[in-house]
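*Asks:* Take this structure, written in structure tokens, and hold onto it; I'll ask about it next.
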Amino acid sequence: MDAKKIKSALADITAERDPTLKSAKLASLCSSLWAEQGIELVVVGGSAIEMLTEGAYASGDLDMCHLGVATLPVRQRQEIMGLLGAKGGPRNWQVAGMYFDLLGPAESFSCTPYRRVRGPYGDFLVLQPEDLLVERVLMTFYPGESQTARNCARILISVALRGEIEMNWAEVRRLANRPEYRNLTECEKLVKQVADELKIKSPLHPN
């Protein structure tokens, strides 16, 4: 991507007032720039939930991880982000009026594919909703109860139960049973609470 295109993209992102669209545009630009170096990025955490729920949950920043390599050299991170006029580093930057975090290798245990989103500067990947749900439920209860994590999990569950995003509930159950999470009971409980409010049967209801 040449300097002129980068400058135009940054102006567009800086001027964008919709926070979710702003994050998506920055994810598209960063993914394209890093792809030129042979590195795939994926949106994770609350940022991924924000995009999957189309802004029903707002994270306030953009969190991404990388795929396929254990580490990215510090010099490379600073040089690539320098092309965007970013300030800070080597893991957290300010760019185009946003905070952008490049957190390390992605942790995903799901068998479902990453979600691929079409962006104005190229496609970008979003972590699987199944992983995001089980992870956020874990954060709700451990290391201590977190109302912020609970609210985030409930929003993701509600959007999935209403059929606004595709959620593989069998995969959610499998992930919650994995040793990395071990929180199936908590997942069942929270999903049932939201399902009861929506007056539908929980897809995780034990048979």
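*Asks:* Kirkwood hydrodynamic radius (Cα pairs, Å) of region 57-165?
*Replies:* 15.9
*Asks:* Just for the Cα atoms in region 129-198, what are the lengths along the principal axes, largest first, rounded to whole Å?
*Replies:* Cα spread of region 129-198 along its principal axes, largest to smallest: 30, 25, 17 Å.
*Asks:* Output the relative contact order of the chain, whole-number percent, from Cα pairs under 8 angstrom with separation of 6+ residues. Intermediate results must be reported in sequence, preceding the final value.
*Replies:* Numbers: 311 pairs, mean separation 37.8, N = 207.
Normalised by residue count, the contact order of the chain is 18 percent.
*Asks:* Dipole of region 30-159 (Lys/Arg Cβ +1, Asp/Glu Cβ -1, origin at the Cα centre): which of Ile157, Phe109, Cys30 lies farthest to the positive side?
*Replies:* Of the options given, the answer is Cys30.
*Asks:* Restricting to lysines 8 or more places apart or on different chains, can you count the pairs in the chain with Cα atoms under 18 Å from each other?
*Replies:* So the count works out to 10.
*Asks:* Out of region 1-108, which GluC sites (Glu not before Pro) are coil in DSSP terms and have no more than 13 other C-beta atoms within 10 Å?
*Replies:* In loop regions of region 1-108 (DSSP not H, G, I, E or B), the sparsely surrounded GluC sites (Glu not before Pro) are Glu36, Glu54, Glu107.
*Asks:* Treating only the Cβ atoms of Lys and Arg (+1) and Asp and Glu (-1) as charged, compute the dipole magnitude of region 3-126 about its Cα centre; round to the nearest 20 debye.
*Replies:* Result for region 3-126 is approximately 380 debye, rounded to the nearest 20.
*Asks:* Step through the residues of region 71-86 one at a time and calculate ³J(HN,Hα) from phi using the Karplus curve (6.51 cos²θ - 1.76 cosθ + 1.60, θ = phi - 60°), rounding each to whole Hz and writing x for Gly and Pro.
*Replies:* 9, 10, x, 4, 4, 4, 4, 5, 5, 5, 5, x, 5, 9, x, 6
*Asks:* If you put +1 on each Lys and Arg Cβ and -1 on each Asp and Glu Cβ, how big is the dipole of region 129-198 around its Cα centre, in Debye rounded to 20?
*Replies:* The dipole of region 129-198 has a size of about 160 debye.
*Asks:* For Ser28, Ser146, which order do you get if you count the other beta carbons within 10 Å of each Cβ and list the fewest first?
*Replies:* So the ranking, lowest neighbour count to highest, is Ser146, Ser28.
*Asks:* Then there is this: How far, in degrees from 0 to 90, does helix 19-35 lean away from the longest principal axis of the Cα atoms of the chain, to the nearest 10?
*Replies:* 60
*Asks:* Oh, and also: Over region 1-54, what relative contact order in percent results from Cα pairs under 8 Å that are six or more residues apart?
*Replies:* About 32 percent, as a whole number.
Where a number appears in this text, it was derived from the coordinates with a stated rule and is not lab data. Remember, predicted model here, so these are calculated numbers, not experimental data. In this analysis, Cβ positions are derived from the backbone assuming ideal geometry, glycine residues included, and neighbour counts consider all displayed protein chains.
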